[in-house]
Amino acid sequence: MAEEAHETEGIIRRMPEALANKIAAGEVVQRPASVAKELIENALDAGAEEITLILKQSGRALVQVVDDGSGMSRADAMACFKRHATSKIQSIDDLERIQTLGFRGEALASIAAVAQVALKTRRVEDAAGTRVRVDGGTVAAPAPCAVPGGTSVAVRNLFYNVPARRSFLKTDATEFKHLVDTFQQLALAEPRVAFSLVHNDNEVFRLSPARAEGFFPALRHRIDGLFGADHARRLVQVEDASSYLSVQGFAGEPELHRRGRDEQSFFVNGRHVESGYLAHAVRAAYEELLPEGAFPFFALFLVLDPRHVDVNVHPTKAEVKFDDQSGVYGFLRSAVRRALRAASLTPQFAPAGEEQGASAFTQAGAAPVSFQPVEATATSGAPARPAGDPAPVEGDPTHVRSLYEAPVEEQEAPAARGEGDAHEAAPLWQLQARYVVTVQAEGLLVIDQRAAHRRVLYERALRRLDQGMAETQQLLFPHTADLSATEAELFEELQPHLRKLGFDAERFGGRTVVVRGVPPDLRVGEEGTALEGLLQQYQEHRDTVSLDLRENLARSLAVRSAVRAGQRLRPEEMRALLDDLFACEKPSADPQGRPTIIRLSPDDLDERFGR
Ligand code: ADP
Ligand code: MG
């Protein structure tokens, strides 16, 4: 060392290995989930048939992986913590045909630099096992120990010696979600390996190994274990090949759609990769089969010559690049579309909201318009105007109004009323099952039914959360919800608030929740899925906008339960919606700030007609 310093006059020095490892750790180890990924990949590389992931405090306190794989000799148990120590690659040639998941030989060294690691390992052929402890990169002398064949690596107090990184970690729920995502991806890729996940002594997953012959039955078995029988039943088989690329796997039926991308998985040559670009190709195959903002479920395995693909753009962010990106996009989209078509799920229905009987004016290039007049009031007994008979529109809105109203109504001059209740007697139409249109003395009012309903539900939810008065609509048949691991965690966290909103629900063991009652203003038919929907929406919001718990819950409920665009409303429903909207504190915008009402005054109309 002294010699080296003497020999050079320069200021460049080789870093001590411990420091190099700590820096490298910044790339490899970002959060508890990265530790879990590296350890599980090592277990898979060691040929394990059974892998258990044990976590405490969302991995902050402990990430441990126990496997029944090859195990290590005493010498290797020491060596494996050295940087670039790997048994998996020795030459440049090897790089070309990597079969194993890990090969850089830097994972264990990096992890050990920023945590307290305890390794226990034994090869079947050895009489005794070896125990090694590493504390912040310092390897203690190995000791013999009794262990079953295989390896256990326990990583405690991640980032204990790097406070900045430690404080960078997100909430427990978020870190746990990353851990579950990682676990799911690895378990999907290896359906024949048994996997378990234990968090704070609760068993979250116990996945039995697939024993069925063949790729598809095995993958379906694993999807069943991870996501439940409902998912496993609603899968469409995808299989296609070209000279460049092949794809195999499952895409979910459209009903299986989710609010987020957490149930989408790509694997390239057996390795999980992220690709927004490819996910877009799959989404494109569904076309309008999926509502806006919905994501399909899929688990797709691409296989191609490794020379055409670069999965190592970054050591941890496995964003993938192909040499023919757009070719892969087109191939994937048509493969999925063909699969959906074969399952007769391709889009072939008319746009929502169109119905015979409603008049439709369609012009080349213009969207079809259906304008459906309804009874003037629910109680007036005035006959509905026959559909398909558009009213002669004249300049004076009150004149238009009079055409639709029973004489008795006409006597109450709408001009004399305050804005707040003017809509009560006014005629209402539904335009394209999206807008409610009404006429007031001041002009034409166009109300976005969905935005309006969101506003109403949102304010109502806030009131319930604040006042804690739980109105519940009891279900005749309690619904059992099989939550994902993340949802179950979230459910625990939110339960007291969910109760205030009107959910009468209870954890039933594992990830099953029994729902006995739901908030009273849910859409008919959605009682069963309301809780899952709400939890998904809550997570979606949490990942995208920063809202406090109360605001997020109220918004989530509003978003999930509001009437959809495309839903026909009966006259009394439209009327109730407008009553509720005008009773709101802020009727003019939905919770996201988008307008609920557009007014067209006679002046506005004059201007548009160029008068
Ligand atoms: P890499 O996986 O890139 O080789 P790691 O730092 O993850 O690098 O692991 C270093 C070496 O330690 C591996 O090459 C392997 O020989 C050994 N090893 C690590 N984990 C295990 C395990 N669970 N079972 C057997 N050997 C292991
Ligand atoms: Mg490795």
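When you go through Asp448, Asp421 one by one, which is the residue that is more than 30 Å from Arg507 (Cβ to Cβ), charged (D, E, K, R) and at pLDDT below 75?
Going through Asp448, Asp421 in turn, just one is more than 30 Å from Arg507 (Cβ to Cβ), charged (D, E, K, R) and at pLDDT below 75: Asp421.
Looking for whichever is touching a Ser or Thr at 6+ places or on another chain (Cβ under 7 Å) and either surrounded by 19 or more Cβ atoms within 10 Å (Cβ to Cβ) or touching a residue at least 40 places away in the same chain (Cβ under 8 Å) (or both) here; the options are Ala554, Ala589, Ala562. Which one fits?
Numbers: Ala554 fails: touching a Ser or Thr at 6+ places or on another chain (Cβ under 7 Å); Ala562 fails: touching a Ser or Thr at 6+ places or on another chain (Cβ under 7 Å).
After ruling out the rest, the residue left standing is Ala589.
Take segment 284-295 and flag every residue that is free of Cβ contacts under 8 Å to residues at least 40 places away in the same chain and either part of a helix (DSSP H, G or I) or in contact with a helix residue (DSSP H, G or I) (Cβ under 6 Å, 6 or more places away or on another chain) (or both).
Leu290
Looking at Ala154, Ala173, which one is within 30 Å of Thr544 (Cα to Cα) and among the small types (Gly, Ala, Ser)?
Exactly one residue qualifies, and that residue is Ala173.
Go through (1) touching a residue at least 24 places away in the same chain (Cβ under 8 Å); (2) outside any helix (DSSP H, G or I) and name the single condition Ala281 misses.
Only one criterion is unmet by Ala281, namely (2).
Please go through segment 461-497 and pick out each residue that is in contact (Cβ under 8 Å) with a residue 40 or more places away in the chain and assigned to a strand (DSSP E or B).
Within segment 461-497, Gln473, Gln474, Leu475, His479, Ala481, Asp482 qualify.
So, in segment 522-541, exactly how many residues are within 19 Å of Asp262 (Cβ to Cβ) and crowded, with 19+ Cβ neighbours inside 10 Å?
The total comes to 10.
When only residues in segment 145-165 that are touching a Gly at 6+ places or on another chain (Cβ under 9 Å) and under 16 Å from Gly71 (Cβ atoms) count, which is nearest to ligand 1 (Cβ to nearest atom)?
Thr151
The values are calculated or read from the model by the stated rules, or taken from the named source; none is laboratory data. Owing to the predicted nature of the structure, the values given are computational and were not obtained by experimental measurement. Positions of Cβ are generated from backbone atoms using ideal geometry, with glycine treated the same way; all protein chains shown enter the neighbour counts.
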